[in-house]
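Student: If you scroll down you'll find the structure; I have some questions about it.
Quick note: the coordinates plus some simple rules give every number you see, no bench work behind them. Note that this is a predicted model, so its numbers are computed, not measured. Virtual Cβ from ideal backbone geometry, glycine too; neighbours counted across all protein chains shown.
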Amino acid sequence: MLDYQTFEQLKEMRLGAMKREFQRQMELPAMLGLSFEERFGMIVQAEWNVRQDNKQARLVKHANLLCSDACLEDIDFDADRGLSRSVIANLSSCEWIRKGQFLFITGASGCGKTWIASAYSAEACRRRFAVKCFRFSRLIEDLKCARLDNTWNNVLDIIKKTDLLALDDFGLDRLDTQQARDFLEVVDDRIRFKRSLIITAQRPVSQWHELIEDPTVADAIMDRLANNSYRIELHGESMRVKQRPQLA
């Protein structure tokens with residue numbers, strides 16, 4: 001009777017993992033050899049694990065990863081790509097995210113920039129950071145709409161609460177003055193609130209200035225981006241070509 005009451009109370013309190021672990025222990029005679037502290041610790045650990053797994057799943061879903069299967073363990077270190085194992089490993093700790101630093105990944109179309117950005121974003125989710133991924137053009141369009149419908153502050157508030165903001169394909173189109181000012185607001189918030197930023201682009205960082213119409217705003221953006229950042233420059237042929245099945 002007491003066990004049934006305990007099960008029902010755990011169920012009512014939505015402690016499903018604790019309930020299942022308690023029931024498992026009650027049905028396993030070997031558990032009688034463990035102390036109360038050991039058994040209770042196992043029950044609490046079961047609930048903790050489930051809650052952490054659920055939190056990670058929510059973070060991954062919210063992140064909207066551009067490559068959902070990307071992970072750092074599967075990075076291709078083919079010599080032609082010019083990737084440094086030590087750089088990839090050092091950044092894998094996500095300490096740069098804790099410090100609010102930036103990561104820029106550049107290289108030709110198809111070389112794997114988005115995949116690596118997604119791999120770091122996924123790793124950040126595993127380490128319980130809040131992540132949000134955008135195509136750069138989509139972010140700019142969202143900011144434009146936010147200005148028109150008076151939700152600008154709300155949109156910026158949502159973005160600035162994100163530990164890591166990943167922007168894919170910067171520089172496909174030249175930014176006009178208003179677009180550049182909007183982007184500057186985002187970058188300023190990243191710095192002010194010590195939040196991290198990933199940017200992928202086909203063109204090297206040294207050419208980003210010319211992708212912004214207004215030179216004064218370009219100076220302001222590049223001054224902020226140039227400091228406090230890591231860079232990964234990819235080389236070699238397109239990964240899409242390498243992975244394409246060969247015809248007989």
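Student: Considering the options T216, Q25, A180, tell which one lies farthest towards the positive end of the dipole of the chain, charges being +1 on Lys and Arg and -1 on Asp and Glu at the Cβ, about the Cα centre.
Tutor: Of T216, Q25, A180, it is Q25.
Student: Relative contact order of the chain, please, whole-number percent, based on alpha carbon pairs below 8 angstrom and at least 6 residues apart.
Tutor: The normalised contact order for the chain reaches 25 percent.
Student: To the nearest 20 debye, what is the magnitude of the charge dipole of segment 1-107 about its Cα centre, counting +1 on the Cβ of each Lys and Arg and -1 on the Cβ of each Asp and Glu?
Tutor: 420
Student: May I pose another question? Please give the charge dipole size of segment 98-201, origin at the Cα centre, charges +1 on K and R Cβ atoms and -1 on D and E Cβ atoms. Round to the nearest 20 debye.
Tutor: In debye, rounded to 20, segment 98-201 gives about 580.
Student: Same structure again: Most mobile of R231, R24, R51 per a Gaussian network model of the chain (Cα springs, under 10 Å)?
Tutor: It is R24.
Student: Ignoring GluC sites (Glu not before Pro) that are buried or in helix or strand per DSSP, and keeping those with at most 16 other beta carbon atoms within 10 Å, what is the longest stretch of the chain between them?
Tutor: It works out to 1-212.
Student: A further question follows. Starting from segment 8-114, pick out the chymotrypsin sites (Phe, Trp or Tyr not before Pro) whose DSSP state is loop and whose Cβ has at most 12 other Cβ atoms within 10 Å.
Tutor: F77
Student: What size of dipole, in debye to the nearest 20, comes out for the chain about its Cα centre when the only charges are +1 on Lys and Arg C-beta atoms and -1 on Asp and Glu C-beta atoms?
Tutor: 340
Student: Here's something else I'd like to know. Per-residue ellipticity at 222 nm for the chain, helices alone: DSSP H runs ≥ 4 residues times -39500 (n - 2.57), over residue total, nearest 500 deg cm²/dmol?
Tutor: The helix-only estimate for the chain comes to -16500 deg cm²/dmol at 222 nm.
Student: Something else now. Mind telling me which of S84, S68, S196 comes out most flexible in a GNM of the chain, alpha-carbon contacts under 10 Å?
Tutor: S84
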